[in-house]
Amino acid sequence: MPTLKLHLARLQKNAFEPVDIASLVFFRIAFGLIVLWQVWSNFAHHAIYTTWLAPRFLFKYYGFAWVHPWPGNGLYLHWAAFGFFALLVAIGFFYRANIILLFLSCTYFFLLEEARFVNHNYLLCLFSFLLIFVPANRALSVDVWLKPKIRSQTSPAWTLWLLRAQIGVVYFFSGLAKLSPDWLHGEPMRSRLFQRGDFPILSRLFQNEWAVHTISYSGLLLDLLIVPLLLWRRTRVPVFCVAVLFHLLNARWFNIDIFPWLAIAATTLFFSPSWPRRMVGLFRKTARATPVDNWTPPARGKQILILSFVVTYIAIQLLLPLRHFLWSGGVEWTYAEHRFSWRMMLVRQSSQAFFYVTDPNTGRTVQVKLAEFLSPRQSAILGYLPDIPLQFAHYLAKVMPRRGPKPLRVEARIFVSINGRKPQLYIDPNVDLAAQSRPLGRPSWLLRIDESLPANGKHSDENPAAPLN
């Protein structure tokens, strides 16, 4: 017990040791500019209309069915305000209020449409939440110019380690997920590389099996080892350079939006906290000033409260990606649990869905034309997550016409191909999805897909399905 108390006391002391605030300031500026870039990109590509306004129906996360788009032009105005908040965060103007507004806005847009889940949007929500508690505006900000007494060249060490832990979790679980039979056999990297014909020299190289496995295993090792290698001073710079190259290649090869740039900005947090100050010092003739420790540690009670928050948050981030171990299943269920788990680029999945609505009052069955209700992106994701077709079935049961008191029956034939496997039924085609409740775990009507990968990397090119007569 005395040893435990000693370790806890040492942890508390180290957590509130002052460190140079420069790297936090750099991340604040980079984060705000990256969000601003995303806002501009969505306006430029008309993504606001196509994602949230054009579809007749939006899928919702469990417990958030009440989140809806603003009426009229409200969504455009909110998106513009979102960019304005990001700019103010970057320059450090009324930082605390604007980072809170940024977090709320980011979370609102994230919750609007479940079918639009991507890891970097989730990561934006997490980082914006953490930045609420990080005093990243106490240097190189408008707030300091307006209120000089808040100026500080240092910050408590826990603020830096909290942000490091967040990006570290992303890397680690991304690598852990790659320890799967498909990835170790070169999928889906093989099929993704074979499709790339826009690299004059590399495209021919990508046709070789050794190249496929080299890239697959390199990505696996980088994700698993990057955090410990970044923490080791001797390997920090070369590993960071490799990580930058890795993210730049991902940005070039795959359409993953801002994630490479956000990951690069977050990875810089593993350098010495004073690295931006040193970089600026290289271009100045005057000697680099030593940061002044004018930050006062909080009272012991507040320190315990802060550390409790940090430990709880990190524990949640470590446990949430492990929840798929609660249920056994084939590759279809492993992918179904990819949300909030950093299971990135693991699956090349294609699906073809057919929905049939039967009116028991008349006995008449009609096939639903998906294009009348869903966007192409929404239609494509019907075979990805089991709660997506369930939500759509409930929606159809409400909006489709019926000729009597008996509720409509909705069945689906969804054929899914995972990493080149032969298309197979994803859910039980005889189940009335409209009568099923939304489960938190594995639904009984989700079918297992345990088929092994095609030999020699040959992918099935069969038509997934034909409409039911």
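Bear in mind that the values in this text are calculations on the coordinates, not laboratory data. Every value quoted in this text rests on a predicted model; they were computed, and no experiment measured them. So basically every Cβ, Gly included, is an ideal-geometry build from the backbone, and we count neighbours across all protein chains shown.
Overview of results
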item	result
Normalised contact order of the stretch 348-457, rounded percent, pairs of Cα under 8 Å and 6 or more residues apart	30
Cα-based Rg of the stretch 348-457 normalised by 2.2 N^0.38 Å, two decimals	1.14
Those residues of the stretch 116-133 whose amide nitrogen sits under 12 Å from the label point placed on W275, 7 Å along Cα→Cβ	none
Euclidean distance of C-alpha centroids, the stretch 156-182 and the stretch 387-401, integer Å	37
Approximate spin-label separation Y62-I314, in nm, with each point projected 7 Å along Cα-to-Cβ	2.8
T296, T214 arranged by Cβ crowding within 10 Å, fewest neighbours leading	T296, T214
Listed residues P148, F64, N419: farthest to the positive end of the dipole of the chain (Cβ charges)	P148
Largest-first ellipsoid semi-axes for the stretch 1-75, taking √(5λ) over the Cα gyration tensor eigenvalues, angstrom	45, 22, 8
Charge tally in the Cβ shell below 13 Å around L11, where Lys, Arg are +1 and Asp, Glu are -1, L11 excluded	+2
Förster radius 35 Å - calculated FRET efficiency between T50 and L249, Cβ distance, rounded to 0.05	0.80
Rg/Rh ratio calculated on Cα atoms of the chain (Kirkwood radius)	1.01
Nearest-0.05 FRET efficiency for H213 and A9, computed from C-beta distance (R0 56 Å)	0.70
3J(HN,Hα) from dihedral phi, the stretch 428-444, Karplus parametrisation 6.51/-1.76/1.60, rounded to Hz, x for glycine, proline	5, x, 9, 8, 7, 5, 5, 9, 8, 7, 7, x, 8, x, 6, x, 5
CD proxy at 222 nm, helix term only [per DSSP H run n ≥ 4: -39500 (n - 2.57); per residue of the chain; nearest 500]	-15500 deg cm²/dmol
Value of relative contact order over the stretch 1-101, rounded to a whole percent, pairs C-alpha under 8 Å and six or more apart	35
Under-5 Å amide H pairs with N419, H placed in peptide plane, nonlocal only	R348, Q349, S350
Cleavage-rule hits, trypsin sites (Lys or Arg not before Pro), the stretch 10-62, DSSP coil, Cβ neighbours within 10 Å at most 15	R56
